[in-house]
Amino acid sequence: MHLRHLLCIGILLGPWIETTAAAPGDGEDFDKAVRPYFEAHCVRCHGPAKQKGEFRVDTLTRDFAGASAAVRWGDVLERLNTGEMPPKGEPKPKAEESARVVEWVTARLKEGEAARTAKRERVTFHKLTREEYANTIHDLLGVRYDAADPTGLPEDPNWHGFERIGTVLSLSPAHVEKYFAAAEGILAEAYPDKAPEKKVTRWTPFDCRGWNKKKMEEQGLADKVRLDVWPGIPIGGHPGSVKEFTAHATGEYRVRVKLSGLKPADGRAPRLTVYAADLDRSLGEQDVVAPEDKPTTVEFTAHLPAGKHMIRISNEAPGPGNNLDRGGRHGSRPFISIKDGREPWQWKLTDDQGLPIWPVLLVDWVEWEGPLPTTPKDFGTGPAREVLERFLTRAFRRPARPAEIDRVAALVESEQKKGESPAAALKTGLLAALCSKDFFYLVEGAPDRTDPRITEWELASRLAYFLWSSPPDAPLLDAARDGSLRKPEVLRSHVQRMMRDPRVERFASGFPRQWLRLAKVGMFPPDKKLYPTWDDHLQKSAVQETIAVFREVLSKNLGLREFLDSDWTMLNARLAEHYGIPGVEGDDFRRVTLAPDARRGGLLTHASILSLTSDGTRHRPVHRGVWVMESILGRSPPPPPANVPPIEPTPAKSPKATLRMKLDAHKSDPNCAACHRKIDPLGFAFDAYDAIGRWRTVETVRDGAGDNPKVDASGELPDGRTFVDAAEFKKLLIADIEKFNAAFIEKLATYALRRGMSVDDREALASLARQGKSAEYRLGSIVESLATSELFQKR
Amino acid sequence: MSKTLDRRTFLRGAGATIALPLLDCMRPLHAQAAVKPRRAVFVYIPNGVNVLTWQILKAGPDYVFPEPMKALEKHRARITPISGLHHPNAIGQAHVCADTWLTGAKIEQGGGSYKNTVSCDQMIAETASPHTRFSSLELSISSGVGQPNNSNTLSFSRDGIPLPAEDNPRTVFQRLFGEEPGGIEQRRRKLDRRHSVLDAVLGDAKTLKSTLGTSDRGKLDEYLYSVREVEVRTERLDAWLNVPKPKVDAATTERVTKNVPRQQAGEYYRTMYDLIVLALRTDMTRVVSYMSGTEGNGLPLPELGISQSRHELSHHSGDPEIMARLSRTDAFLAQQFSYFLDQLLAVQDGEEPLLDRTIVLFGSGMSYGHSHGNANLPTILAGGTALGFKHGKHIDYNLPIIKAYDVTKAGEHYNLCHKPVDGKARLSNLLLTMLQKMDVKTESFVDSLGPISELTA
C-alpha cells in the first residue's frame, strides 16, 4: 500500500494542548473520519473490553506535543500504512477511509514535531567515544593515547551496537579522574621537562632460553644459535611464558624481529605474534615465510606506557600441540639448523627431502627501540594568554571565548605565584582545557540561540567526527570561520575531499563494526572440540572480511545491493581456506570473484555474521532471524515472554531432529507464531551454515538416534513469498531493497548524528531514501547525501 | 581564595579529630573512641544457581543445608538464607538483573537513554564516607562499568551512573595503601593543583548552567556533579594527608598483591576476599561491593575440571551433566564465601570479630538462569550481629503459600523462579533493612514495603 501518495500535509496549527479549544477543522476531522473508523475497525480489540498487544486506541492522547504521543500515534500510522492492521481475518476497511485517518495522524504528528523543536534542550553535550578521544588527542598534541588499555578510559556503553550515542555515554566521577590522569600523562609525554633518551634493547636466543652460552662460545657456535619457535609455544620455550620488557618512558616503541619462517608445502604459514599480556593488547602479528638461509626482519611499532610489560612472542599457527619435549628441545645442543640431526623421539621438523612439515619460526633476535622521538604540536610562543588562546581554540574546535581564556590564564598565573615554573604553570592551564566539557564533549547550541540549525563550527565538528572520528582539519575550520561551509557547493566539495582522505578509514571500519554488531564475534567462543579449526587468526580474519567488503563498497561507490548479495568478496588465505575457496595466498585481503557454487556473496553469508549469533556449540536460527530483522530490515521484534521453557533434548531412542524441528511451538502455538513467523524464517534461511559459518547439508546433532538430519533452509515470509534456500532468500531481500535502503539510512543517520531517529526525522529520512534510490543505492552517494542534507544540520 | 582556604582548613581540622577505629593493630589519635563503625559488603554471583539443588526445603531454625551450601553449615548461627525474594521491576528481564540487584530500578529495554538509579551501597557510602579515606570500594571480575544491561559493577551513583570496578588486587592495594612518592607537601601541592584545575572547569560550567532553564541541563548537570565529586574527593584526600596510612605487614602485602591467574579461580577469589578484609580492618572503607562474576563473565573452574563459563553452564537445556556441573560450581562459590566469613571472624575489632559489625549480602539477581527467571532469588545474609541482626534460620516467603517444595518436579519449581509466589516478598525490603541498620535515614528504598522484622527481632 502506498497511502503516502494520498497524503496532504495539514496546515501547521501550532502545539495542540488538551485543555485548549480544538483548532477549527481539527476536531471536526477527528469526529467525522477518525473516531468512527476506530470504532468500526479497532476498538473491538483495542478498547475498553480488550487490549490486544496492550494497546488501546480509544484513550490515545490528543496532545501531539508530547513525545509519547508521537511514538504511539506513529505506531498507529505505521500499522495502517503497511496494511498490518486490521489483521488477516478481520474485515478490511475501505481504502479511502484508511487514507483519511492516515492523513489526519500525519498532520497532527507534524504539528507535534514543530512544538517539540521549540522545547528541545538548549545546549546538548555528546561525549566523545574513547576512540574519538584518542584520535582527538593525537590530532591536537601529536601523542598517542591507549584509550582501550586497562589504564585508559572505561569502555563505551553501546545502544543497539552503536557506541557513540550521546544520551548513553555517561560521565561519572571516576571518568573525570581518568580524564585528569590521562591528560596529565599525555601532556607529560608531549612536553616533557626532559626528552626521554631513546634506548635499544636486544634479546638474543640466550636471553630467551636458558641455554649454555659459554659452551656454545667455546664451540664457536654462539652466534649461530637460533630460537626454534614451534606452534603455540612462545619464544621462551614454555607454554604461557612471557618475557618482561621495561619501557623506561611512555612513548612509541619499535619492535624488530629477525627470523626465518618455514612453511610446509600444503600447510599454513607460521605466524609471528607479539602480545602484551598486561595490556591485553596485540602489538603486531603477521605470517612469516623466509628460507632458513635468508631470514627477514619484521617490524611493528606500538605505543607503550612506561613500566614493566609482560610480552609473549609466539607462533600462532596450528601445530602438533605443545608437547614440549618432542618439539622444542634439542637434546644437549640448542637449535642451529634444520639440517642438524634430531633425536629419534622428537618431532621431525622436515621430511626426507629436507622440506619442512610443520610451520616453525626460527628467530635470531628481538630488538626494542624507543621511545621514538616525536614532534609535539607547536602552539607558538609569546605571552601565556596568546598561547592559551591558540590552544583553547584548537582544543574546543571553535574560537575561544574571552571569559574562557581569562579563567585559564588566571589559573596559570596563580600556579606561578605558588612557585611553579612558567612551563609547569602553562601545562596546568592546558590540563584544565583537556578536562573541560568543551574538549571531550561535542557541544551544540547556546542558551540564547533558537535557530534549529547548528552553527558552521558545529557543522565542521559533526562532519569530521562522522567521517573521520577526529577533529576538523584546517580547511574545514577555515570554511567555518569565513562562513562558507554551509554553502552547498562548498559543503559538497569538503565532504568529497573527506571521503577520499585516508582518515575515512575510521568510518569505513567503525560504522560496519557497530551496525553489524561485530563486537559480538567470539563472545561465545566456538567450542574447541567441536570446531577445532577456529582460532584467533580465523576470528580476526572473519571480522576483517566484513570490514574490507564495506570499505570496498564505499571506496568504489558500489550499491547497497552488494551487501545483500554479490559475486565477489574480500579474502585472505586463512579465510579462503575456511570457506573452501582455492587459489588465495597471503595474509592481506584482496577482492576475489566468487564462483557460483561458492555459496557466498553479500554480508549474510560472512563467517563473522553467521558465527556471532551462535552460542559456541550450535547455530541459533532465532537469534539469526532477529539479527537480520534488526540489521537489515531495521525492525526490532518485541522481547520474548518471560517463562519460555527450555528446548527439550531429543530422547535417546527418537530420531535425530534439527533445531528447526524442535522449534515447532513457534509455528503451532498462535501466541508464539504471531511474532515468530516474522522472525524465524529469516534465520532458517541460513541453516545450511553451521555455527562458524561453514556450508553443510546435514545438521550434526548429538541427541537422538539414527542419521544426522538434512538441513531445511526453506521458509515463508509474512507476506507469503517463499524461498528454498539462502540464495533465494537473498533474492527476496534484493526485491525489497527499498526496505533495506530505508533501514540502512536510519542506521547511518544514527551513527552520524549520535542519536536514535524518531518520528520527527521520518520525512528527512524518507527524502534521503529517495535520493539513495535515484543514485542506484550507491553507498558513497548515500553517505554524501546524508552529510550534505538538512537533517545533518538539524539541532 | 580565602573562602577556599577557610573551608579547607576546617576540613583539615576535622580530619585530625577523626579517630581511627579500635583495631588491635592500630593506635587511635585521640583517647576518646569515635562511634564504632558499621560496615556493609555485597557479594554477587551471576547467572543464578541450579535452583533444584540450591533450594532449602524447610523454613525456620532447623533447616537442612543442601549439598551446594554445605560449606556454609559451620556458619549456621551467623547467616540467614532467604527464599522467595524478587525485584518487581526485574521480572521478565534477562541479564540486566546485575545492573539492578542493588538498585531495584526498572531499566527500559526499548532504546533511549539507559537510566538506572542509586544503588543502596552508595547510599550507605554517603553516610559512612566522612569517617574513611575511601567512601566505598567496587570490585569485580571485570574492570570498568561494563555495558548497560550487562554491568561489571553493582554500584550506581545518586544520578544512576555506574561506578567502575577494579578487578586487579594489586591495583586496588596500591590505591588503598600505596604511598605517593615525595613528601606530604608535594602531595599537598599536587592536590591543590588538581583542585585549582577542577575549580576552573567547574566555574566555566556553572556560568553556563545559570543561563539555562531547569529542564535543559541533563548532561551538564551530570558533568557538574561528576567534576564536583572529584573536587570533593580531592578535598577529602587533602584532609586525610595529615592522617598516616596504616602500614600493612609484608606477609599480608605479599598475599594480597601476588598475581593470581584466573585459571586458579579459588586462589583468585580468596585473594580478593583477603583484600576486602584488609580494607575493612584498616578502615580504609566501610562499604564494599564485589561482583565475583558478571552476567557475561563467570569464571570457569579448571581446578574442578569445569571448562565452561557460568553463563554457559546456566543455559543447560536440562542436560543432567551440565546441571551437575552448575551445582558443583554453586558449591565452589559457597565454599569461597564461607572462607570470606572465616576471615571476617578471625580478625578482632576490639572485643568482637569484624564480622559482628559487618553485614554481608551474598546472592544473585537471577535464580533460574536457563530461561532468565528472576524470582525466588538465591540470597544469604550474614554477620552484623552487633548491629542488631539475628541469624540461625531460613526465612521463606514461598512456603506459606505453596506449602511444600518438590524439586523433583523441575517445571513447577522453575515456575516459581519465574513468577513470584508472594508479590510482597521484595528484595528491596531486605536492602531497606540493611540501609536502616547502616544508619541511613530512610523509610523506604525503591519499591520496599518495610524492613524485614524477622532479621532483627
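The values are calculated or read from the model by the stated rules, or taken from the named source; none is laboratory data. Keep in mind it's a predicted model, so treat the numbers as computed, not measured. No Cβ is skipped: glycine too gets one built from the backbone with ideal geometry, and neighbour counts run over all protein chains shown. Accessible surface areas use protein heavy atoms only, side chains included; no ligands, DNA or RNA. Shrake-Rupley method; radii C 1.70, N 1.55, O 1.52, S 1.80 Å.
Assorted remarks:
- In segment B:204-260, residue farthest from the other protein chains (Cβ to nearest Cβ) [restricted to those that are of a type in the set (Ser, Thr, Tyr) and out of contact with any helix residue (DSSP H, G or I) (no Cβ under 9 Å at 6 or more places or on another chain)]: B:Thr214
- Sole residue being under 26 Å from A:Pro157 (Cβ atoms) and open to solvent by 60 Å² or more (accessible area, probe 1.4 Å), chosen from A:Ala464, A:Ala519, A:Ala508: A:Ala519
- In segment B:403-430, of all residues being part of a helix (DSSP H, G or I) and in contact with a Leu (Cβ under 7 Å, 6 or more places away or on another chain), the one that is nearest to B:Ala98 (Cα to Cα) corresponds to B:Leu427.
- Candidates B:Gln174, B:Gln263 - the one that is under 25 Å from A:Met310 (Cβ atoms), in contact with a helix residue (DSSP H, G or I) (Cβ under 7 Å, 6 or more places away or on another chain), within 13 Å of another protein chain (Cβ to nearest Cβ) and among the polar types (S, T, N, Q): B:Gln263
- Within segment B:138-155, tally of residues that are under 26 Å from B:Met438 (Cα atoms) and either more than 9 Å from chain A (Cβ to nearest Cβ) or acidic (Asp, Glu) (or both): 7
- Of all residues in segment A:701-715, those satisfying the criterion of being under 19 Å from A:Glu648 (Cβ atoms) and in contact (Cβ under 8 Å) with a residue 24 or more places away in the chain are A:Val701, A:Asp703, A:Gly704, A:Ala705, A:Gly706, A:Asn708, A:Pro709.
- Counted residues, segment A:679-720 - those being small (Gly, Ala, Ser) and buried (at least 18 other Cβ atoms within 10 Å of the Cβ): 7
Let's see how each residue does on (1) aliphatic (A, V, I, L, M); (2) at pLDDT below 95:
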| site | (1), (2) |
| --- | --- |
| B:His394 | no, no |
| B:Tyr397 | no, no |
| B:Ala410 | yes, yes |
| B:Leu427 | yes, no |
| B:Thr433 | no, no |
| B:Gln436 | no, no |
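- Entirely in segment A:368-448, the helices (runs of 4 or more DSSP H) that have 1 or more residues that are open to solvent by 30 Å² or more (accessible area, probe 1.4 Å) and more than 9 Å from chain B (Cβ to nearest Cβ): A:384-396, A:402-417, A:422-434
- Number of the condition not met by B:Ser135 [criteria: (1) more than 14 Å from chain A (Cβ to nearest Cβ); (2) open to solvent by less than 40 Å² (accessible area, probe 1.4 Å)]: (1)
- Segment A:145-155, subset out of contact with any helix residue (DSSP H, G or I) (no Cβ under 6 Å at 6 or more places or on another chain) and open to solvent by 20 Å² or more (accessible area, probe 1.4 Å), residue farthest from the other protein chains (Cβ to nearest Cβ): A:Asp146
- The single condition among (1) at pLDDT 95 or above; (2) under 25 Å from B:Leu237 (Cβ atoms); (3) of a type in the set (S, T, N, Q) that B:Thr103 does not satisfy is (2).
- Search result, residues across segment B:264-275 that are in a helix (DSSP H, G or I) and either farther than 21 Å from B:Leu137 by Cα or in contact (Cβ under 8 Å) with a residue 24 or more places away in the chain (or both): B:Ala265, B:Gly266, B:Tyr268, B:Tyr269, B:Arg270, B:Thr271, B:Met272, B:Tyr273, B:Asp274, B:Leu275
- Flag if A:Lys258 is surrounded by fewer than 20 Cβ atoms within 10 Å (Cβ to Cβ), out of contact with any Cys (no Cβ under 6 Å at 6 or more places or on another chain) and outside any loop (DSSP other than H, G, I, E, B): yes
- Any hit, segment A:721-734, residues being within 21 Å of A:Val549 (Cα to Cα), open to solvent by less than 30 Å² (accessible area, probe 1.4 Å) and either among the small types (Gly, Ala, Ser) or in contact with a strand residue (DSSP E or B) (Cβ under 8 Å, 6 or more places away or on another chain) (or both): yes
- Residues that are open to solvent by less than 20 Å² (accessible area, probe 1.4 Å) and over 14 Å from B:Ala128 (Cβ atoms) within segment B:429-447 comprise B:Asn429, B:Leu430, B:Leu431, B:Leu432, B:Thr433, B:Phe445, listed in sequence order.
- When the criteria are applied in full, A:Pro512 meets the requirement of being closer than 27 Å to B:Glu295 by Cα and at pLDDT 95 or above.
- Check on A:Leu530, of a type in the set (A, V, I, L, M, F, W, C) and open to solvent by 50 Å² or more (accessible area, probe 1.4 Å): yes
- Looking only at segment A:742-777, and only at residues there that are of a type outside the set (S, T, N, Q) and more than 24 Å from A:Asp75 (Cβ to Cβ), the one that is most open to solvent (accessible area, probe 1.4 Å): A:Glu776
- Count - residues of segment A:503-532 that are within 14 Å of chain B (Cβ to nearest Cβ) and part of a helix (DSSP H, G or I): 3
- Among the residues of this structure, B:Val41 counts as one that is open to solvent by less than 10 Å² (accessible area, probe 1.4 Å) and within 23 Å of B:Leu354 (Cα to Cα).
- Number of positions in segment B:352-371 that are open to solvent by less than 10 Å² (accessible area, probe 1.4 Å) and within 14 Å of chain A (Cβ to nearest Cβ): 4
- A count restricted to segment B:323-351 and to residues that are within 14 Å of chain A (Cβ to nearest Cβ) and in contact with a Leu (Cβ under 6 Å, 6 or more places away or on another chain) stands at 1.
- Unique match (being on the phi > 0 side of the Ramachandran plot and open to solvent by 60 Å² or more (accessible area, probe 1.4 Å)) among A:His160, A:His238: A:His160
- Looking across B:Ser113, B:Ser157, B:Ser151, B:Ser119, one residue alone is modelled with pLDDT under 80 and closer than 30 Å to A:Val71 by Cβ. It is B:Ser113.
- For the residues B:Thr207, B:Thr127, the requirement of being in contact (Cβ under 8 Å) with a residue 24 or more places away in the chain and surrounded by fewer than 20 Cβ atoms within 10 Å (Cβ to Cβ) singles out B:Thr127.
- Looking across A:Trp211, A:Trp203, one residue alone is of a type in the set (Phe, Trp, Tyr), under 16 Å from A:Ala247 (Cβ atoms) and either open to solvent by less than 100 Å² (accessible area, probe 1.4 Å) or touching a His at 6+ places or on another chain (Cβ under 8 Å) (or both). It is A:Trp203.
- The lone exception for B:Pro261 - which of (1) assigned to a loop (DSSP other than H, G, I, E, B); (2) open to solvent by less than 10 Å² (accessible area, probe 1.4 Å) it fails: (2)
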